[in-house]
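The structure under discussion appears below in the form of structure tokens.
The values are calculated or read from the model by the stated rules, or taken from the named source; none is laboratory data. Bear in mind the structure is a predicted one, so any value in this text is a computation, not a measurement. A quick note on method: Cβ atoms are made from the backbone with ideal geometry, for glycine too, and the neighbour counts reach across all protein chains shown. Protein only, heavy atoms only, side chains kept; ligands, DNA and RNA dropped before computing areas. Shrake-Rupley method; radii C 1.70, N 1.55, O 1.52, S 1.80 Å.
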Amino acid sequence: MEKIRIGKEKRQYEISSIRPTSANVMEIVFAGTIPVTYGDITIYTEDGTEATTLTGFDTVYRDDGQTVYLSNDGSAYQAPETPEGPGVPPEPYIPTLEELQAAKRREVAAECERLIYAGINVTLADGSVEHYALTIEDQLNLFGKLSQITAGATQLEYHADGHPCRYYSAADMQAIIQAAMWHVSYHTTYCNAINMWIAGCQTADEVSQIFYGADVPEEYQSEVLKTYLTQIAGQMGVSTDGAQTER
């Protein structure tokens, strides 16, 4: 299955197909998670080889759920108007289930991104607690520190939010990196499970009940998410069924 990468994002998205539908519109059928924003599109073959990069397709022309149309001229799809008789007010538009699902996916994806970028608090070896934002640039910078640790560095330069750059011990840097990786991976896994939940909805009311932070029904929980939920429950001193446990 082909994959694409958007702009400078490190993440790759699986797609079923990508093709132009006109000189200015590109159709992409996603196999799973859908990006929140768009930019230059780098296409990778099934074996991971970088094939080509398409530039300029950064405007959502039309969103049909797993199929997204992008334009390179800023244009967007306009539904044809239905002729109405004189003096007859137009009927309110009722979105389809697919449109509601697409909107809900965008909603939860934006919240997932916001929470990831907001970052984490980390308790360091001296007992102090510092906060670290986790934008894409922050993530790349932090994960780059991992190679320095692997190479044997004993002190590494970095900075907490609102503080000047300083040296951290390898142990403290490792703690920050591990916390960051857990935070990003958990939210990505949780968001993916919500997308599966959204896809399983049969009515508009079911879609409307979903929000980021809701308990995902077990049938939509992946094995990875179940592991994270067990870890979180253990940290809170409760079992996965909500009962108190011995600490």
Candidates ALA170, ALA193 - the one that is open to solvent by less than 20 Å² (accessible area, probe 1.4 Å), over 19 Å from ALA133 (Cα atoms) and not acidic (Asp, Glu): ALA193
Taking segment 208-227 and keeping only residues that are assigned to a helix (DSSP H, G or I) and either basic (Lys, Arg) or modelled with pLDDT of 95 or more (or both), one is left with GLU218, GLU219, TYR220, GLU223, VAL224, LEU225, LYS226, THR227
The conditions are (1) assigned to a helix (DSSP H, G or I); (2) surrounded by 16 or more Cβ atoms within 10 Å (Cβ to Cβ); (3) touching a Phe, Trp or Tyr at 6+ places or on another chain (Cβ under 9 Å); (4) in contact (Cβ under 8 Å) with a residue 24 or more places away in the chain, and MET181 fails exactly one of them. Which is it? (2)
Exception for GLN101 within (1) at pLDDT 95 or above; (2) open to solvent by less than 30 Å² (accessible area, probe 1.4 Å); (3) among the polar types (S, T, N, Q) falls at (1)
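Please go through segment 17-50 and give me each residue that is in a strand (DSSP E or B) and free of Cβ contacts under 8 Å to residues at least 40 places away in the same chain, ordered by number. Break it down stepwise before answering.
Our first condition is that a residue be in a strand (DSSP E or B); within segment 17-50, this holds for 17-20, 25-30, 41-44, 50.
Scanning segment 17-50 gives SER17, ILE18, ARG19, PRO20, VAL29, PHE30, ILE41, THR42, GLU50.
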Name every residue in segment 16-52 that is over 16 Å from ALA102 (Cα atoms), of a type in the set (Val, Ile, Thr) and either open to solvent by less than 60 Å² (accessible area, probe 1.4 Å) or within 16 Å of the chain's Cα centre (by Cα) (or both), in order of residue number. ILE18, VAL25, ILE41, THR42, ILE43, THR45
